[in-house]
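One structure follows; several queries about it will come next.
Read-outs throughout are calculated quantities, based only on the coordinates presented, and are distinct from any laboratory measurement. Note that the coordinates shown come from a computational prediction; the quantities given were computed from them, not determined experimentally. Neighbour counts run over all protein chains shown; Cβ positions are idealised from the backbone, glycine included.
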Amino acid sequence: MTNVRHVSETPATQWLKARGVAFSTHVYDYVERGGTGESARQLGVDEHRIVKTLVMQDDAAKPLIVLMHGDRKVSTKNLARQIGRKHVEACVPEVAQRHSGYQVGGTSPFALRKPMPVYVEAGVLALPRILINAGRRGVLLEIEATVLVEQLKAIAVNCALAAVER
């Protein structure tokens, strides 16, 4: 999993550097609708270690971030119950981009356009190192999972559904 291509900084990498967070960058060829399965295949890593950043909204249309294993789906019903909301749903791409400041497919939880609560699937925090979007399509950051709680104040939830069918 070596990276030989140079990648320019993103707001996310600048944000992490400013806070002294160690990370490595991994570049792959972005494929439209390829998802975490495609990035895992190209990088030769377990898709479970790749964490997708999902922009969602609650019943009051307030945005929130959910960090989920690449090979799992979010149970919006379980998530809503755990965070005390009536329901939670994914934002449409245009709304997600407006809230996060990132293009869908390249959304990072770091350096978001507007502050939002961040929820992370508890199983993600059990992994020593994860790969997560760097704020640009085709670029993942490898970091310690603890960074999510330490830097983002992410709240652990249990809302993963079984593996996504491919």
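How charged is the neighbourhood of Gly101? Take every other residue with its Cβ under 15 Å from the Cβ of Gly101, and add Lys/Arg as +1 and Asp/Glu as -1.
With Lys, Arg at +1 and Asp, Glu at -1, the net is +3.
For the chain, build the charge dipole from Cβ charges (+1 Lys, Arg; -1 Asp, Glu) around the Cα centre, then report which of Val95, Met68, Leu141 sits farthest towards its positive end.
Val95
Out of these labelled values of Rg and Dmax of the Cα atoms in Å, (i) 14.6, 44; (ii) 14.8, 47; (iii) 17.1, 55, which was calculated from the coordinates shown here?
(ii)
How would Tyr28, Tyr102 line up from fewest to most surrounding beta-carbon atoms within 10 angstrom?
Starting with the residue having the fewest Cβ neighbours, the order is Tyr28, Tyr102.
Evaluate the charge dipole of segment 11-163 about its Cα centre and quote only its size in Debye, nearest 20, assuming +1 on the Cβ of each Lys and Arg and -1 on the Cβ of each Asp and Glu.
420 debye
Further question on the same structure: How do Ile155, Ile143 rank when sorted from fewest to most other Cβ atoms within 10 Å of their own Cβ?
Ranking Ile155, Ile143 by Cβ neighbours within 10 Å, fewest first, gives Ile155, Ile143.
How much net charge surrounds Ile143 when only the other residues with a Cβ under 15 Å from the Cβ of Ile143 are counted, with Lys and Arg +1 and Asp and Glu -1?
That works out to +2.
222 nm [θ] for the chain, helices only, -39500 (n - 2.57) per DSSP H run of 4+, per residue, to 500?
Mean residue ellipticity at 222 nm (helix-derived): -7000 deg cm²/dmol.
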